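The structure appears right after this line, and notes come after that.
Read-outs throughout are calculated quantities, based only on the coordinates presented, and are distinct from any laboratory measurement. All of these numbers come straight from a predicted model, not from anything done at the bench.
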Amino acid sequence: MYYRNPAIIKYAGIIGRTPSALAMKLVNIASLDPAITSTGRSGLKGVSASDKAMWEEMQADWDHFANEMQQAVNSFEIPELSMDVEDTIESHQTIDYTGSNKTIQTTTRVGQNFFRRSVLSAYDYRCCITGLTIPKLLVASHIVPWRIDKTNRLNPSNGLCLSVLHDKAFDIGILTISDDMTITVSKKCADNDDPFFISALLSYDGKSIFLPKKFSPFAEFLSYHREHIFEK
């Protein structure tokens, strides 16, 4: 968050502000982020009421915030942040195809783009189970499924960064995450003698996940997964 950062220079030009003004705004917003302030860092003291209102709006309604963000991006025609096919890769179960209204489907996809970027960024684009760092093989996996909890569909704390394989295993309840952030593999599958299953899944039983820089998974979401999805 420095005025000579090439990204800040670029986006300051797009929105018609000076790099110094944009850098200062980012530092002010950073002063509201517990993931930053908990490390001893702080923003400037000039944080405004509108900054606080934006932060509270984001935390209170991720769905609305994501859509407002995308509308702002579209208004400035920033191609790097526009929705694309790769950025919207999710389990087919997370997309609602039942409606015929095109706007609704687009809104859903925009939300997925926001959710994916937020979750993968929080985990440094690394599978929290295996450490895999190939973005095309990573999924922003919902802890509480998309269809179950509308209010937390886009909440990054309802997400885990997983490889495609481990996303599927998590989705169908072969594995889950305990409150102490360790992995539990279903006992129903534990006696499987398939070599690949043993190395790719069972070998992680009891191991800790890689924790994100921010948006740590909420305990109540993990509890729901263990109670309603995990194969005990």
**Message:** Please compute the contact order of segment 179-228 in relative form: average sequence separation of alpha-carbon pairs under 8 Å and at least six residues apart, divided by the residue count, as a percent.
**Reply:** 48
**Request:** Give me the distance between the Cα centres of segment 122-195 and segment 211-225, rounded to whole Å.
**Result:** 11
**Item:** Linear extension gain, Ser121 paired with Lys150, 0.36 nm per residue minus alpha-carbon span
**Value:** 8.2 nm
